[in-house]
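Peer 1: Got a structure here, written out as structure tokens. Questions coming.
Just so you know, all these numbers are worked out from the coordinates, no wet-lab data involved. These numbers come from a predicted model, not from an experiment. No Cβ is skipped: glycine too gets one built from the backbone with ideal geometry, and neighbour counts run over all protein chains shown.
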Amino acid sequence: MAAFKLLDFIPNPHARYAPDNAPYRTWSTNLLGRVDYAIADNWSVRAEAGLATSRRQRSRADFSFTDAASVATGAGRIAGSYTPDQEYRNEYVRAELAGKLPTFGIEHEILFGFARNRQVQEDQNQRNYTARPQNFYNPLDIDFSDLEFTSTRFLAGSVNIDTGFYMLDIAHITDNLTVIGGVRRVLYDTEEATGDFRMKAWTPTGGVVFKPTSKSSLYFTYIEGLESAGTAPAGTINEGDILRPVLSKQIEAGGRLEILGALASIAYFRIDRGLGYIDAANMYVVDGRAIHEGVEGSLQGNLTPNLSVALAGQYLKATQRDTGVAAQAGKRVNNTPRGSASLFAEYRPPVVPGLGVNAGMYYTGMRYADALNIYEMPAYTTYSLGANYKLRLENDQTITLRVNGDNVTNKRYWATGGTVFYVGLARQVRFSASMDF
């Protein structure tokens, strides 16, 4: 059996392959504050700050077949780790000055700002346990207390500080023409066990919006940014390492049209960003470029007073370039489908005021799980059903009750791939309530 065919066997998301009673506990705190102050008729200042902390005790268990022939019997093993001391902290501050400034008949919307985001990952001690036999089709009961931990891996912490100073000018040349221009000065500092480094960049932003009519517009934008290259994923030999940021560039051109009460849009985009992948040595690296090029379209709005729809689709060509590995040249970027689409509709029956029923369909095309495009994750489609009811109370208060079912057909699919493959969520039902007052 070809190696990529192993991915046709998708585990039952209700089956338990991991040890029983394995700890996976999380404690989190989130604080956010914001102040807006008008200093003049057309000028205002805004300041905001946030703090998010989390502590986690994480157990991980990865299943693998003994060999390709074991797919028939399901014979395999689990191996994994327990990390009792994962701690993270995110500190965020931002201040902005915004206003309007007319010059020579042109109305300018001006924005000056400063933002700083500090992310801290504390040192971690990861304990690894000896592999235990497990079966794909008939999972064995394994208790966490029976595991034999044989080694400990120290994962050094790190600090990342992203500081930016920026300005933006939205110039309304005429009622039909708007020009956008801006620039951001980025300072990206990283402190980690292998050494500290700083990256600096000027990242411009520009765009043009033209409105042929009051219900249509055409636009073109260009954006550059210094973005995180991510963290080495589970299963790689440099797991947990934070890679240096990379410069990305994006252009987009498209149009929007309001028709029959709905908004239709179509756009072409091209994104040139750093390519992250797992190399032949099982190390997560950023080397070369990932070129994402495609077309996306959508239609959303009220088709009738009682029926609203949201339809979206995308064609994407994501290609690897300049990696220095001949076997990867021109191959598709892992975890990127050629096509994806969604359809969502809600109907509000006039005979039952306040009631809404909805249904959705979500399609994701075939993806490759690796940089060499050997392992294929099949395309899949999931469906949702839901209903909501608005109960109006006195004093204009409203309570909204909701029930939603996701993946109602219980479709099995791969959510993502790499060194470790993750199964998509099984059928689930969610209830919620909210009050407006």
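Peer 1: Could you give the size of the charge dipole of region 3-386 about its Cα centre, using +1 on the Cβ of each K and R and -1 on the Cβ of each D and E, expressed in debye and rounded to the nearest 20? It would help to have the intermediate numbers written out before the result.
Peer 2: Values: 37 positive and 41 negative charges, 109 e Å.
Dipole size: approximately 520 debye.
Peer 1: Give a residue-ordered list of calculated ³J(HN,Hα) values for region 160-176 (Karplus: 6.51 cos²θ - 1.76 cosθ + 1.60, θ = phi - 60°; whole Hz; x for Gly, Pro).
Peer 2: 10, 10, 10, 10, x, 10, 9, 9, 9, 10, 9, 9, 8, 5, 9, 5, 10
Peer 1: Which whole-number percent is the relative contact order of the chain (Cα, under 8 Å, 6+ apart)?
Peer 2: Values: 1152 pairs, mean separation 38.5, N = 437.
That works out to 9 percent.
Peer 1: How would you rank 336-348, 188-200, 364-376, highest first, on the average number of other Cβ atoms within 10 Å across their residues? Before the final figure, lay out the partial values.
Peer 2: Values: 336-348: 16.9, 188-200: 13.1, 364-376: 19.1.
The most tightly packed comes first, giving 364-376, 336-348, 188-200.
Peer 1: Identify all aspartates and glutamates with a Cα-Cα distance to LYS411 below 20 Å; exclude those on the same chain that are fewer than 8 residues away in sequence.
Peer 2: Reachable aspartates and glutamates: ASP8, GLU376.
Peer 1: Let me ask you something else. If one computes P(r) from the Cα atoms of the chain, what percent of pairs lie at distances over 36 Å?
Peer 2: Counting pairs separated by more than 36 Å, the tail of P(r) holds 45 percent.
Peer 1: Can you run phi through the Karplus equation (6.51, -1.76, 1.60; θ = phi - 60°) for region 342-348 and list ³J(HN,Hα) in whole Hz, with x for Gly and Pro?
Peer 2: Per residue, the Karplus-derived 3J(HN,Hα) values read 8, 9, 9, 9, 10, 10, 10 Hz.
Peer 1: Give me the distance between the Cα centres of region 42-78 and region 291-361, rounded to whole Å.
Peer 2: 24
Peer 1: Collect residues whose amide H, placed 1.01 Å from N in the peptide plane, falls under 5 Å from the amide H of ALA201; neighbours closer than 5 in sequence don't count.
Peer 2: Those lying under 5 Å, H to H, from ALA201 are VAL186.
Peer 1: With unit charges on the beta carbon (Lys/Arg positive, Asp/Glu negative), name the residue among ALA310, ALA253, THR203 whose Cα is farthest towards the positive pole of the charge dipole of the chain.
Peer 2: It is ALA310.
Peer 1: What order do you get for 171-181, 30-40, 270-280, 95-105 when each peptide is scored by the mean count of other beta carbon atoms within 10 Å, highest first?
Peer 2: Numbers: 171-181: 14.3, 30-40: 9.6, 270-280: 17.9, 95-105: 12.5.
Highest to lowest by the protection proxy: 270-280, 171-181, 95-105, 30-40.
Peer 1: Apply the Karplus parameterisation 6.51 cos²θ - 1.76 cosθ + 1.60, with θ equal to phi minus 60°, to every residue of region 256-271 and state each ³J(HN,Hα) to the nearest whole Hz, in sequence, with x for glycine and proline.
Peer 2: Residue by residue, region 256-271 yields 10, 9, 8, 9, 6, x, 10, 10, 9, 9, 8, 8, 9, 9, 9, 10 Hz.
Peer 1: If you wrap a convex hull around the alpha carbons of region 288-429, what volume per residue comes out, as a whole number of Å³?
Peer 2: Details: hull volume 20.0 nm³, N = 142.
Looking at region 288-429, the number lands at 141 Å³ per residue.
Peer 1: For THR194, what charge total do you get from the other residues with a beta carbon under 12 Å from its beta carbon, if Lys and Arg give +1 and Asp and Glu give -1? Present the calculation step by step, with values, prior to reporting the outcome.
Peer 2: On the way: positive: ARG244; negative: GLU191, GLU192, ASP196, ASP241.
My count for the surroundings of THR194 gives -3.
Peer 1: Around TYR92, what is the net charge, scoring Lys/Arg as +1 and Asp/Glu as -1 over all other residues with Cβ under 13 Å from its Cβ? Write out the running numbers ahead of the final one.
Peer 2: Details: positive: ARG34, ARG89, ARG94, ARG116, ARG118; negative: GLU48, GLU91, ASP162.
My count for the surroundings of TYR92 gives +2.
Peer 1: Which distance in Å, rounded to a whole number, links the C-alpha centroids of region 200-274 and region 363-415?
Peer 2: Taking the Cα centre of region 363-415 as reference, the centre of region 200-274 is 24 Å away.
Peer 1: Can I ask one more? First check a/c for region 233-314, with a ≥ b ≥ c the square roots of the eigenvalues of its C-alpha gyration tensor; if it is under 1.5, answer rounded, and if not, answer prolate when a/b is larger than b/c or oblate otherwise.
Peer 2: Working: a/c = 4.45, a/b = 2.49, b/c = 1.78.
Cα axes put region 233-314 in the prolate bin.
Peer 1: Can you check what the net charge comes to around VAL423, using other residues whose Cβ is under 15 Å from the Cβ of VAL423 (Lys, Arg +1; Asp, Glu -1)?
Peer 2: Details: positive: ARG16, ARG60, ARG367, LYS411, ARG412, ARG427; negative: ASP8, ASP62, ASP406.
With Lys, Arg at +1 and Asp, Glu at -1, the neighbours total +3.
Peer 1: Can you give me the long-range amide H partners of LYS317? Hydrogens built in the peptide plane at 1.01 Å from N, cutoff under 5 Å, separation of 5 or more residues or another chain.
Peer 2: GLU293, GLY294
Peer 1: Next up: Name the long-range amide H neighbours of ASN125: under 5 Å, sequence gap of 5 or more, or other chain; modelled H, no Pro or chain starts.
Peer 2: Result for ASN125 returns ASP85, LEU155.
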